[in-house]
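Below is one structure, written out as structure tokens, with a few remarks after it.
The values are calculated or read from the model by the stated rules, or taken from the named source; none is laboratory data. In this text the structure is predicted, and so the values were computed from the model without any measurement. Please note: Cβ atoms are built from the backbone with ideal geometry, for glycine as well, and neighbour counts cover all protein chains shown.
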Amino acid sequence: MTLLLISVLLALTWAAITGTFSLGNLILGFVVGGASLWVIRLQVGQAQILRKLPKIISLALLFLYELILSAFKVLVLVLSPNMHKKLQPAIIAFPLRAKTDAEITLLANLITLTPGTLSVDVSPDRSSLYVHALEMPDKKKMIKDIANGFEAKIIEVFEP
Amino acid sequence: MIQEIISYMVGILLIVGAIFSLAAAIGLLRLPDLYTRMHAASKAGTLGAGFGFLAIALASMEGSVILRAFAGFVFLLLTAPISAHLLARAAYFAGYKPAPVTKVDEMDPK
């Protein structure tokens, strides 16, 4: 059922990207989307998308806000004449609470797009995510911010 | 009247987007190493392009164009962090050490 819904969404996305909402194009999108889902069928869990919708929207809004904030911070940083004094880059290990591949992937992506942080790698035992920070005045505070912000919301979205 | 307001808004969005793209370019030039540069490219660049897409959607006011602009922005959001992350990771394992100003490096296994 969920897979069918996702196929329909993919068909609509296909039509949106190709720009024509004709019946033939929608069917083509449905077939392509269904085939792609079939390829990754083992990874697609039976997540209940509709029930999680409010949490997904809340995550998306938080993300958009953080993206604008982070781009603005980069803007201010690179335009300030004493940039090299402000710059305090660091690579730190962020202890992961998120467990599944999907959660870690999403978290790593969101971290890259938010203020002053960039995911570099996941440790081999998947216990921590290496994060590069532009300015890191306080390591504990930074870890706490990510854990209480994005990670908490992502776990809410993905937990059954 | 409405048409005029819309064209002003499109202009403002384009200028804001251009400023962010410019900041991304300046960041690439001024920042000291690849890791800090990826910050500029992935964040400011993405938002700059996002404002561009928004301006296109507003200027056209056509359903199919708006949907395509939206899809373009979403795909950019999906792909920009992945490429930044892959570049940073590849650079790290190829042996490019972070710039000397870097305070801590917890990835360094020493």
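Scanning the range A:137-152 for residues that are touching a Leu at 6+ places or on another chain (Cβ under 8 Å) and charged (D, E, K, R) gives a single hit, A:GLU151.
Here B:ARG68, B:ARG30, B:ARG89 are screened, and the one residue that is buried (at least 20 other Cβ atoms within 10 Å of the Cβ), among the basic types (Lys, Arg) and either farther than 16 Å from A:THR114 by Cα or modelled with pLDDT of 90 or more (or both) is B:ARG68. In this structure, does A:ILE155 turn out to be hydrophobic (A, V, I, L, M, F, W, C), under 13 Å from the mean Cα position of the chain (by Cα), surrounded by fewer than 18 Cβ atoms within 10 Å (Cβ to Cβ) and not in a strand (DSSP E or B)? Taking the combined requirement at face value, the residue satisfies it. Residues in the range B:51-84 that are facing chain A (nearest Cβ under 8 Å) and either touching a residue at least 40 places away in the same chain (Cβ under 8 Å) or within 10 Å of the chain's Cα centre (by Cα) (or both): B:LEU77, B:ALA80, B:PRO81, B:ALA84.
The lone criterion from (1) closer than 16 Å to A:ARG97 by Cβ; (2) at pLDDT 80 or above left unmet by A:ALA147 is number (2). Of the residues making up the range A:69-125, those that are assigned to a loop (DSSP other than H, G, I, E, B), touching a Leu at 6+ places or on another chain (Cβ under 8 Å) and of a type outside the set (Gly, Ala, Ser) number 6. Just one residue in the set B:TYR8, B:TYR92 is in contact with a strand residue (DSSP E or B) (Cβ under 9 Å, 6 or more places away or on another chain) and part of a helix (DSSP H, G or I); that residue is B:TYR92.
Residues in the range A:117-132 that are within 7 Å of another protein chain (Cβ to nearest Cβ) and either buried (at least 22 other Cβ atoms within 10 Å of the Cβ) or among the aromatic types (Phe, Trp, Tyr) (or both): A:LEU118, A:SER119, A:VAL120, A:TYR130, A:HIS132. Looking at the range A:50-65, I want the residues that are farther than 30 Å from B:ALA44 by Cβ and not assigned by TED's automatic domain parsing to the domain that holds A:LEU107 and have a partner that is assigned to a helix (DSSP H, G or I) and modelled with pLDDT of 80 or more with Cβ atoms under 8 Å, at least 6 apart or on another chain. Which pairs are those? From residues that are farther than 30 Å from B:ALA44 by Cβ and not assigned by TED's automatic domain parsing to the domain that holds A:LEU107, there are no pairs. Of all residues in the range B:4-11, one or more are closer than 30 Å to A:LEU9 by Cβ, more than 9 Å from chain A (Cβ to nearest Cβ), touching a residue at least 40 places away in the same chain (Cβ under 8 Å) and buried (at least 16 other Cβ atoms within 10 Å of the Cβ). Here B:LYS97 meets the list (1) outside any helix (DSSP H, G or I); (2) loosely packed, with under 14 Cβ neighbours inside 10 Å; (3) facing another protein chain (nearest Cβ under 8 Å) almost entirely, failing just condition (3).
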